[in-house]
Amino acid sequence: MKNILKTFLVVAFLAIAAQATHAQVVMKEYLSTSHEGKIDNSVNNGGKPLYYKLEYKDTQGARINYTLHFYKDAGMSTPWMSFPMLMRNLQLTYYIDVSMPKDNMTKVFAMIYKKELRWARVKYSPHEGCSNVKEIVWERINLVDNFDKLINDTFKQLDKNVNLSCYEKK
């Protein structure tokens, strides 16, 4: 019985060590910096590129605060629109929550990334009249191995499905 217990503990320790050394896409130091990217052939920018910037604000425990800016020009001098954004880097899961207010009601655009399984899913139901397509399809992002690609694929889906002009401050 002692040998079985020892063998189990050794195997469990090795499995935990292998899991801990498994490369994760979302790294702590990477999440405390600003990030930029672009969406080619943007629906929201008339087929031209739409640029975005995740501006790092601060970190409070597992809560990482950003501001998401969208720009219609490559110079990225004046944001077209901005949204508060929260990232949560948990043990097994990573979340992006973008608060999108309209008509005194805020809805949250969310991306959930399962680190161990390396897939992500977007969830969002835009305000009435703010959809770019008749039926919204949020595609699962598989085999995620790069944080920049994960973010870019997430915002490509946002651009494809949601009419961002609905959220312009007038």
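At-a-glance table
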{"read-out": "Those residues of region 14-47 which are exposed (fewer than 15 other Cβ atoms within 10 Å of the Cβ), at pLDDT 60 or above and of a type outside the set (Gly, Ala, Ser), in sequence order", "value": "MET27, LYS28, GLU29, TYR30, THR33, GLU36, ASP40, ASN41"}
{"read-out": "Cβ-Cβ under 8 Å pairs, at least 6 apart or on other chains, region 92-114 side among the hydroxyl-bearing types (Ser, Thr, Tyr), far side surrounded by 15 or more Cβ atoms within 10 Å (Cβ to Cβ) and not in a strand (DSSP E or B)", "value": "THR93/LYS115; TYR94/VAL25; TYR94/VAL26; TYR94/LYS115; TYR113/VAL25; TYR113/VAL26; TYR113/VAL144; TYR113/LEU150"}
{"read-out": "Conditions (1) touching a residue at least 40 places away in the same chain (Cβ under 8 Å); (2) surrounded by 17 or more Cβ atoms within 10 Å (Cβ to Cβ); (3) assigned to a strand (DSSP E or B); number of the one not met by ILE64", "value": "(1)"}
{"read-out": "Residues (part of a strand (DSSP E or B) and under 21 Å from SER125 (Cβ atoms)) located in region 94-106", "value": "TYR95, ILE96, ASP97, VAL98, SER99, MET100, PRO101, LYS102, MET105, THR106"}
{"read-out": "Residue match in region 40-53 (condition: within 15 Å of LYS156 (Cβ to Cβ), free of Cβ contacts under 8 Å to residues at least 60 places away in the same chain, small (Gly, Ala, Ser) and not in a strand (DSSP E or B))", "value": "yes"}
{"read-out": "Number of positions in region 119-133 that are in a loop (DSSP other than H, G, I, E, B) and either small (Gly, Ala, Ser) or surrounded by fewer than 17 Cβ atoms within 10 Å (Cβ to Cβ) (or both)", "value": "4"}
{"read-out": "Looking only at region 82-105, and only at residues there that are aliphatic (A, V, I, L, M) and surrounded by 15 or more Cβ atoms within 10 Å (Cβ to Cβ), the one that is nearest to the chain's Cα centre (by Cα)", "value": "ILE96"}
{"read-out": "Residue match in region 134-148 (condition: exposed (fewer than 15 other Cβ atoms within 10 Å of the Cβ), closer than 17 Å to PHE70 by Cα, at pLDDT below 95 and not hydrophobic (A, V, I, L, M, F, W, C))", "value": "yes"}
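The values are calculated or read from the model by the stated rules, or taken from the named source; none is laboratory data. Bear in mind the structure is a predicted one, so any value in this text is a computation, not a measurement. Don't worry about glycine lacking a Cβ; one is built from the backbone with ideal geometry, like all the others, and counts go over all protein chains shown.
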